[in-house]
Amino acid sequence: MKEQNNPNIIGKRVAAIDFGLKRVGFAYCDELHISITPFDTLDYHSPKFWGLLNSKLAELNIKHIVVGVPIWHIENESFRRKLFNFINKLSQNPDFDVFTIDESFTSQRATETMIEIGKKKSTRSEKGQKDKIAAALILRDFLDEYGV
């Protein structure tokens with residue numbers, strides 16, 4: 001994992017991940033950091049998970065990844081260990097830099113965002129909807145934090 005003091009992300013595509021024990025939310029932005037696109041969630045337990053994730057990152061030419069870490073309310077020690085194992089494995093890929101950011105309350109914010117934009121309750125409750133919106137919020141927070 002890279003030092004986060006001032007990441008050089010200008011002109012580079014960035015992706016964000018909302019890690020979950022079942023699903024992984026994924027979102028990415030363009031090189032100008034104007035448009036953030038939530039992508040379908042990935043099944044973390046699928047044997048194809050790492051292959052799908054790495055191929056999507058390569059296809060989108062992602063250079064930086066930010067992973068949300070819930071600083072204030074990590075659910076339990078098992079979740080913490082799995083999250084940091086995930087981050088460490090992601091960090092082993094030399095094609096991109098991995099950063100972390102506090103994602104406390106992004107799931108709650110994702111629900112509020114879906115309500116604000118008028119998504120029907122049936123859509124909001126679909127599996128993965130909250131995860132991909134949470135990933136987009138993590139990415140927006142990261143870009144805002146670094147003044148992009």
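So that you can scan it fast, the table gives a plain yes or no per residue for (1) of a type in the set (D, E, K, R); (2) modelled with pLDDT under 90; (3) more than 24 Å from ILE9 (Cα to Cα); (4) under 13 Å from the mean Cα position of the chain (by Cα):
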| position | (1), (2), (3), (4) |
| --- | --- |
| LYS48 | yes, no, yes, no |
| VAL67 | no, no, no, yes |
| PHE84 | no, no, no, no |
| ASP102 | yes, yes, no, yes |
| ARG109 | yes, yes, yes, no |
Being touching a Lys or Arg at 6+ places or on another chain (Cβ under 7 Å), among the aromatic types (Phe, Trp, Tyr) and either on the phi < 0 side of the Ramachandran plot or modelled with pLDDT under 90 (or both) is the requirement here; does PHE26 meet it?
yes
Please state which one of LEU57, LEU21 is under 15 Å from ALA135 (Cα atoms) and at pLDDT 90 or above.
LEU57
Taking first residues from segment 80-101 that are of a type in the set (A, V, I, L, M) and second residues anywhere that are crowded, with 18+ Cβ neighbours inside 10 Å and assigned to a loop (DSSP other than H, G, I, E, B), the pairs with Cβ under 6 Å that are 6 or more apart or on different chains are LEU83/PHE19
Residues satisfying the stated conditions in segment 40-55, i.e. under 20 Å from ILE101 (Cβ atoms) and in contact with a Leu (Cβ under 9 Å, 6 or more places away or on another chain)
LEU42, TYR44, LEU53
Within the set of pairs 6+ apart or on separate chains, which have a first residue in segment 14-38 that is over 16 Å from ASN61 (Cβ atoms), a second that is in a loop (DSSP other than H, G, I, E, B) and among the acidic types (Asp, Glu), and C-beta atoms under 8 Å apart?
ASP18/GLU103
Please identify the pairs in which a residue from segment 57-68 that is under 14 Å from SER91 (Cβ atoms) has its Cβ atom under 9 Å from the Cβ atom of a residue that is part of a helix (DSSP H, G or I) and acidic (Asp, Glu), counting only partners at least 6 apart or on another chain.
VAL66/ASP141
Consider PHE39 carefully, then state whether it is at pLDDT below 90, within 18 Å of ALA134 (Cβ to Cβ) and outside any loop (DSSP other than H, G, I, E, B).
yes
Tell me, please, whether a residue that is of a type outside the set (Lys, Arg), outside any loop (DSSP other than H, G, I, E, B), surrounded by 11 or more Cβ atoms within 10 Å (Cβ to Cβ) and touching a helix residue (DSSP H, G or I) at 6+ places or on another chain (Cβ under 8 Å) can be found in segment 73-80.
no
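The values are calculated or read from the model by the stated rules, or taken from the named source; none is laboratory data. Since we're looking at a predicted model, the values are computed, not measured. Note that we place each Cβ from the backbone using ideal geometry, even for glycine, and neighbour counts take in every protein chain shown.
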